[in-house]
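Each remark here refers to the structure printed beneath this line.
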Amino acid sequence: PISATAGHRWYLLMVLQAKVFVWICEKICIPPWLQVMIAAWSSYIGPLFSGNFCEDTQFSPTLGYLLVWIFDGCYIWIRWVEWYATFYVFCYHYIRSIVPWVLRHVPKGPVWAGAATATSMTMGLFMVLFHYPNTMLETGVDNSLGWLELGSTILQPSLFALGTAHWTIDASWWGNTTLGCYMIHFCFRDRMTELFTATARMLTWDATGLLLPALLVLVCLAFTSSLGVLGHHALVFPRANFLHVVSQCQRRKKTASLT
């Protein structure tokens, strides 16, 4: 099951590890700040990969397949994934207090929103031009520029979010389905790459060079407005349906007790 179409499972692995870690820490009464420190230090000094269960020949093919499906590969520990788990733990404990504090202190207004959006786009451009791919957050082989990668990875989307506060359109249709869109896009990634490559060859006649990027943006917008949304709702349907059934059962019990 290891392929480009399964690339989204690193995120599921990260969430699972982070939740288990937080649960264990809270059971043994480890304070939040120490949980973050333990997670960060483990990510910094930990091995690139660890826990290779594929080398255990005692596993049956069925169990081996299931483990690879869960862990997105043969390793239980993947250093670059653990950095995201560390950030998840930090946000779990502190993001609810950080966001109101930031909103109280950052300047407000359409000009500042435009500046935040422009700065976010510029940061993304410079990171792609001069430091891509990330060495700590994508491969885990080098932590020396972790301050740059963590800082830009946090600041860039934060600035973009501040900028969207003054959009004149309601972007909740796209914002609320971002995670599902990210997950489902892996199913189409290879084919879309082939499509864009073929499109680039067909548009060599465009002397301005503007038609291709404009077309790419339109295709991405169409995907996030349709297939991405459907993928998101398909992913959350089991949990949403479970909660709906539980709610209906509780309502019937409450009605029965009143009668």
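The values are calculated or read from the model by the stated rules, or taken from the named source; none is laboratory data. Here the structure is a predicted model, which means the values were calculated and not measured. Here the Cβ is made from the backbone with ideal geometry for all residues, glycine too, and neighbour counts use every protein chain on show. These accessible areas exclude ligands, DNA and RNA; they are computed on the full protein's heavy atoms, side chains included. Shrake-Rupley method; radii C 1.70, N 1.55, O 1.52, S 1.80 Å.
For segment 84-96, give me the residue count where each residue is open to solvent by 60 Å² or more (accessible area, probe 1.4 Å) and either among the hydrophobic types (A, V, I, L, M, F, W, C) or not in a helix (DSSP H, G or I) (or both).
So the count comes out to 3.
Going residue by residue through segment 36-48, is there one that turns out to be open to solvent by less than 60 Å² (accessible area, probe 1.4 Å), outside any helix (DSSP H, G or I) and hydrophobic (A, V, I, L, M, F, W, C)?
No: zero hits.
Considering only segment 211-225, state which residues are within 17 Å of residue 171 (Cβ to Cβ) and either among the basic types (Lys, Arg) or open to solvent by less than 50 Å² (accessible area, probe 1.4 Å) (or both).
Answer for segment 211-225, where residues must be within 17 Å of residue 171 (Cβ to Cβ) and either among the basic types (Lys, Arg) or open to solvent by less than 50 Å² (accessible area, probe 1.4 Å) (or both): 223, 224, 225.
Confirm whether residue 81 is among the β-branched types (Val, Ile, Thr), modelled with pLDDT of 95 or more and either buried (at least 19 other Cβ atoms within 10 Å of the Cβ) or touching a Cys at 6+ places or on another chain (Cβ under 6 Å) (or both).
No; evaluated as a whole, the condition is false for this residue.
Inside segment 60-78, can you point out the residues that are surrounded by 15 or more Cβ atoms within 10 Å (Cβ to Cβ), of a type in the set (Gly, Ala, Ser) and outside any helix (DSSP H, G or I)?
73
Give the residues of segment 152-170 that are of a type outside the set (S, T, N, Q) and under 18 Å from residue 107 (Cβ atoms), sorted by residue number.
Correct list: 155, 159, 160, 161, 162, 163, 165, 166, 167.
Tell me, which residue of segment 208-224 that is assigned to a helix (DSSP H, G or I) and not aliphatic (A, V, I, L, M) is nearest to residue 197 (Cα to Cα)?
Going through the qualifying residues, I end up with 213.
Looking at 208, 164, 199, which one is out of contact with any Lys or Arg (no Cβ under 8 Å at 6 or more places or on another chain), of a type in the set (Val, Ile, Thr) and open to solvent by 60 Å² or more (accessible area, probe 1.4 Å)?
Residue meeting the stated conditions: 208.
If we keep just the residues of segment 129-138 that are open to solvent by less than 60 Å² (accessible area, probe 1.4 Å) and out of contact with any Lys or Arg (no Cβ under 9 Å at 6 or more places or on another chain), which is farthest from residue 91 (Cα to Cα)?
131
Mind listing just one residue for me: the one in segment 118-128 that is closer than 30 Å to residue 78 by Cα and of a type outside the set (Phe, Trp, Tyr) and, of those, surrounded by the most Cβ atoms within 10 Å (Cβ to Cβ)?
Step by step, filter segment 118-128, then rank; the result is 120.
Have a look at 96, 104 and point out the one that is closer than 30 Å to residue 45 by Cα, over 18 Å from the mean Cα position of the chain (by Cα), among the basic types (Lys, Arg) and at pLDDT 85 or above.
96
Is it the case that some residue within segment 214-230 is without any contact (Cβ under 8 Å) to a residue 12 or more places away in the chain and over 20 Å from residue 176 (Cα atoms)?
The answer is yes, given that some residue of segment 214-230 is without any contact (Cβ under 8 Å) to a residue 12 or more places away in the chain and over 20 Å from residue 176 (Cα atoms).
If I filter segment 139-154 for residues that are in a helix (DSSP H, G or I), open to solvent by 60 Å² or more (accessible area, probe 1.4 Å) and more than 28 Å from residue 47 (Cα to Cα), do I get at least one hit?
no
Can you find even one residue in segment 97-117 that is open to solvent by 60 Å² or more (accessible area, probe 1.4 Å) and touching a helix residue (DSSP H, G or I) at 6+ places or on another chain (Cβ under 7 Å)?
No, the conditions are met nowhere in segment 97-117.
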